[in-house]
Amino acid sequence: MKKEVTVLDVDGRKIRLGCDSSSCEGCKGSFFCTAKNTSFSVDNTKNLELKSGDRVVLEMDSGKTVFSVFLSFGLPMLLFVPGYYLGRHFFKSEAASFFCALAGVAAGFLLAGLYFKIRKNLYKPEILEKKE
């Protein structure tokens, strides 16, 4: 998926980009996205000559976007069920089962957070070209 965004600031190889919500139309993760109307940083791997105000084309893999949304929200919800049944098996209490289910959700968020912390460069968008 390719989107056009604006360069806000250039600091060596780090480029701060900004986009408005119209550039997110058609993105499969736009419902959950927190980058709308905000800025984010990417690396200038192609060493393009950029300055503030330039427009560039970003590429973000749609499959990676969908997977990141699933991992961020789906994994915690999937771990809710085993957490509930493990709590029910070991504690024989509805309240304990509920708290174990919440622990499963927390474990899902923790696992997703660790995964993205380790593999963060894999999910960064890449600058393809400078628009004229």
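The values are calculated or read from the model by the stated rules, or taken from the named source; none is laboratory data. All values reported here derive from a predicted model rather than from experimental measurement. Ideal geometry is used to build each Cβ from the backbone, glycine not excepted, and the neighbour counts take in all protein chains shown.
Suppose we keep only residues that are surrounded by 16 or more Cβ atoms within 10 Å (Cβ to Cβ) and either in contact with a His (Cβ under 8 Å, 6 or more places away or on another chain) or among the aliphatic types (A, V, I, L, M) (or both) within the stretch 61-85. Which one would you say is farthest from Phe40 (Cα to Cα)?
So the residue we want is Leu79.
When you scan the stretch 48-132 for helices (runs of 4 or more DSSP H) that lie fully inside it, which ones turn up with 3 or more residues that are over 30 Å from Thr6 (Cα atoms)?
Here the list reads 75-91, 94-118.
Tell me, yes or no, whether the stretch 37-50 has at least one residue that is out of contact with any Phe, Trp or Tyr (no Cβ under 9 Å at 6 or more places or on another chain) and without any contact (Cβ under 8 Å) to a residue 12 or more places away in the chain.
No - not one qualifying residue is present in the stretch 37-50.
Let me spell it out: the conditions are (1) modelled with pLDDT under 95; (2) in contact with a Cys (Cβ under 8 Å, 6 or more places away or on another chain), and Asp54 meets all of them except one. Which number is the exception?
All conditions pass for Asp54, except number (2).
Let's see how each residue does on (1) closer than 30 Å to Leu50 by Cβ; (2) modelled with pLDDT under 95:
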{"site": "Gly63", "(1), (2)": "yes, yes"}
{"site": "Phe70", "(1), (2)": "no, yes"}
{"site": "Phe73", "(1), (2)": "no, yes"}
{"site": "Pro76", "(1), (2)": "no, no"}
{"site": "Gly83", "(1), (2)": "no, no"}
{"site": "Lys92", "(1), (2)": "no, yes"}
{"site": "Phe116", "(1), (2)": "yes, yes"}
{"site": "Lys120", "(1), (2)": "yes, yes"}
{"site": "Lys131", "(1), (2)": "yes, yes"}
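Can you find even one residue in the stretch 98-121 that is closer than 21 Å to Cys19 by Cβ and either without any contact (Cβ under 8 Å) to a residue 12 or more places away in the chain or surrounded by 15 or more Cβ atoms within 10 Å (Cβ to Cβ) (or both)?
yes
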